[in-house]
Amino acid sequence: MRTPDLHIRLRHTVDDSYPIFFVRSTAQILSDIRGRFGRRRVFLLTDSNVARHHARNFYASLRKHVQKCHLITIPAGERSKSRGMKERIENDLIKHGVSRDSLLIAMGGGMIGDIGGFTAATVLRGIEYIQIPTSLMAQVDSSIGGKVAVDHPKGKNLIGAYYQPKAVYISVRMLRTLSEEEYVNGLAEVIKYGAILDKNLFRILERRRGEILDRNIATLTVIVRRCCQLKKSVVETDEKERGLRRLLNFGHTIGHAIEQCSGYRLRHGEAIAIGMVKEAQISQRLGLIRQNDYDRLRSLLAAYNLPLSVPHQMKIPELLTIIQTDKKISMGKVHYTLLRAIGEGIPGIQVQTRRVAGVLRK
């Protein structure tokens, strides 16, 4: 190997730590923003659904707490998580005077958090942003950990970065405004955490189904806090997904392919639920988990009205082709997170394509 003529040494130590606040009202969020960021130009990014339920009122109050602010609303839905929409947001930010000391607030579900965080990471080479997740899926998973991205026609989240927020504010009470479908959609990620990391959480989901479906605030607070604790421990150990963090991909390798193949008509959680069933089925066929564990996972997903099988209209060769473009491919090989038991996942397992095809068809 050739000796370099010059060597640039850049050994940075960066502290990207940030707090997560559990709040009872948006008034607490506004007070904190005023104390931390009140003298900056603030941009509030949201979608058309969240604008109606939360963001418009929040923005009206925000204008009283900061010197300058601007509201950006984009259409709701996964189709907005695109390079074209990111460009539209960037144009709006630049038009309204974004600067390096500006703050972007991403208020919404996973789509808003992802595209908002990625925009913050790249505009002016990076501005600070905070997350106010309003969906169950965003509160327990996507708002924490700094994964930000947009989708590409070839796959979900193929273009993105790791860019941590400056703070995350979680109000479990916001979950009351979710549609039933969107609420259940988020429960898929909660079940994932129990399946791969916490058998006690899995038991709570089995035994307190009625309270959870009724959106009991006390029970939801316990569940959301526990998921955040689990995500925190994983991200602190492996921020850039080189090892332990790959556990969080359980159900996602197959699930992302199903979601994309549906043209994003299937919600993320619905697709991931099917992916978990199929990846657990692979685990069972490889002798990694007992039949009883597979049955418990399948029964729990069914109990929360989540789908269990690949839609009949989807073509297996197309799904397999999409899986081969998964962003987690390494050295040309697709890696799966499988199960050893309820509460114990195993990341980074290579599985033969014929075995994957076999469970997709069943």
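Label HIS96 and ALA357 with points 7 Å out from Cα along Cα→Cβ: what is the distance between them in nm?
A separation of 5.1 nm, rounded to one decimal place.
Taking every pair of distinct Cα atoms and averaging 1/r, then inverting, what Kirkwood hydrodynamic radius in Å comes out for the range 247-362?
13.9 Å
Which whole-number percent is the relative contact order of the range 246-323 (Cα, under 8 Å, 6+ apart)?
Relative CO of the range 246-323 lands at 35 percent.
So what J values fall out for the range 81-95 if you push phi through Karplus, 6.51 cos²θ - 1.76 cosθ + 1.60 with θ = phi - 60°, rounded to Hz, Gly and Pro as x?
Taking θ as phi minus 60°, the curve returns 7, 10, 5, x, 5, 4, 4, 4, 5, 4, 4, 5, 4, 5, 4 Hz for the range 81-95.
Separation between the LEU286 and LYS199 pseudo-spin-labels, each 7 Å from Cα along Cα→Cβ, expressed in nm?
The answer from the label model is 2.0 nm.
What is the projected area of the convex hull of the Cα atoms of the chain, averaged over all directions, in nm²?
The orientation-averaged projected area of the Cα hull of the chain comes to 19.8 nm².
Of the listed peptides 284-297, 131-144, what is their order by residue-averaged count of other C-beta atoms within 10 Å, with the highest listed first?
In descending order of packing, they fall as 131-144, 284-297.
Just in the range 123-218: which trypsin sites (Lys or Arg not before Pro) are loop by DSSP and have at most 13 other Cβ atoms within 10 Å?
Those that pass, being in a loop and sparsely packed, are LYS154.
Can you list the residues, at least 5 places off or on another chain, whose amide H is less than 5 Å from the amide H of LYS68, using H built in the peptide plane?
Under 5 Å from the amide H of LYS68: VAL42.
Between GLU239 and ARG56, what length comes free when the chain is fully extended (0.36 nm per residue of separation minus the Cα-Cα distance, one decimal in nm)?
Between GLU239 and ARG56, full extension yields 62.5 nm more.
Would you mind computing, in nm to one decimal, how far apart the modelled labels at ARG176 and ARG39 are, each placed 7 Å from Cα along Cα→Cβ?
In this crude label model, ARG176 to ARG39 measures out at 3.8 nm.
So what's the range 126-240 giving for Cα Rg divided by 2.2 N^0.38 Å, two decimals?
The reported ratio for this selection is 1.10.
Could you give the length gained by full extension between THR13 and GLN324, i.e. 0.36 nm per residue of separation minus their alpha carbon distance, to one decimal place?
108.4 nm
Tell me what the chain gives for mean residue ellipticity at 222 nm when only DSSP H runs of n ≥ 4 count, each as -39,500 (n - 2.57), the sum divided by the residue total, rounded to 500 deg cm²/dmol.
Estimated from H runs of four or more residues: -13500 deg cm²/dmol.
Report the FRET efficiency, 1/(1 + (r/R0)^6), for ASP214 and ARG298, where r is their Cβ-Cβ distance and R0 is 22 Å, rounded to 0.05.
Result of the calculation: an efficiency of 0.40.
Any chance you could get the radius of gyration and Dmax over the Cα atoms of the range 36-168, in Å?
Cα radius of gyration and Dmax of the range 36-168 are 13.4, 44 Å respectively.
Relative to the first principal axis of the alpha-carbon coordinates of the chain, what is the inclination of helix 217-237, with its axis defined by its Cα atoms, in degrees from 0 to 90 and to the nearest 10?
So the inclination is approximately 90 degrees.
If you take the square roots of the eigenvalues of the alpha-carbon gyration tensor of the range 182-319 and sort them as a ≥ b ≥ c, do you get rounded (a/c under 1.5), prolate (a/b over b/c) or oblate?
Verdict is rounded for the range 182-319.
Which entries in the list LYS86/LYS156; LYS147/LYS362; LYS86/LYS315; LYS86/LYS154 go over 22 Å, if you measure between the two C-alpha atoms of each?
LYS147/LYS362; LYS86/LYS315
Taking the range 113-155 on its own, what percent of its Cα-Cα pair distances exceed 13 Å?
In whole percent, the share of Cα-Cα pairs in the range 113-155 beyond 13 Å is 56.
From the phi of every residue in the range 140-151, what ³J(HN,Hα) in whole Hz does the Karplus formula 6.51 cos²θ - 1.76 cosθ + 1.60 yield, where θ is phi - 60° and glycine or proline is x?
8, 9, 6, 7, 10, x, x, 7, 10, 5, 10, 7
With all protein chains present, how much of the accessible area of the chain (probe radius 1.4 Å) comes from carbon and sulfur, to the nearest whole percent?
Summing carbon and sulfur atoms, their accessible area is 47 percent of the total for the chain.
What are the residues whose amide H is under 5 Å from the amide H of GLY251, where those residues sit 5 or more places off or on another chain and H is modelled from the backbone?
THR337
Note the angle between two axes, namely the Cα long axis of helix 291-303 and the longest principal axis of the Cα atoms of the chain, as a number of degrees from 0 to 90, rounded to the nearest 10.
50 degrees
Under a 10 Å cutoff between Cα atoms, tell me which one of PRO311, PRO165, PRO153 has the largest fluctuation in the Gaussian network model of the chain.
In the Gaussian network model the winner is PRO153.
Report D for the range 135-200 in µm² per second (integer): Stokes-Einstein, Kirkwood Rh on Cα pairs, 20 °C, 1.002 mPa s.
This corresponds to a translational diffusion coefficient of 158 µm²/s.
What does the accessible area per residue of the range 73-151 come to in Å², with a 1.4 Å probe and no ligands, DNA or RNA counted?
32 Å²
The values are calculated or read from the model by the stated rules, or taken from the named source; none is laboratory data. Just so you know, these numbers come straight off a predicted model, no measurement behind them. Cβ sites come from the backbone with ideal geometry, for glycine too, and all protein chains shown count toward neighbours. Just the protein is used for accessible areas: all its heavy atoms, side chains included, with ligands, DNA and RNA removed. Shrake-Rupley method; radii C 1.70, N 1.55, O 1.52, S 1.80 Å.
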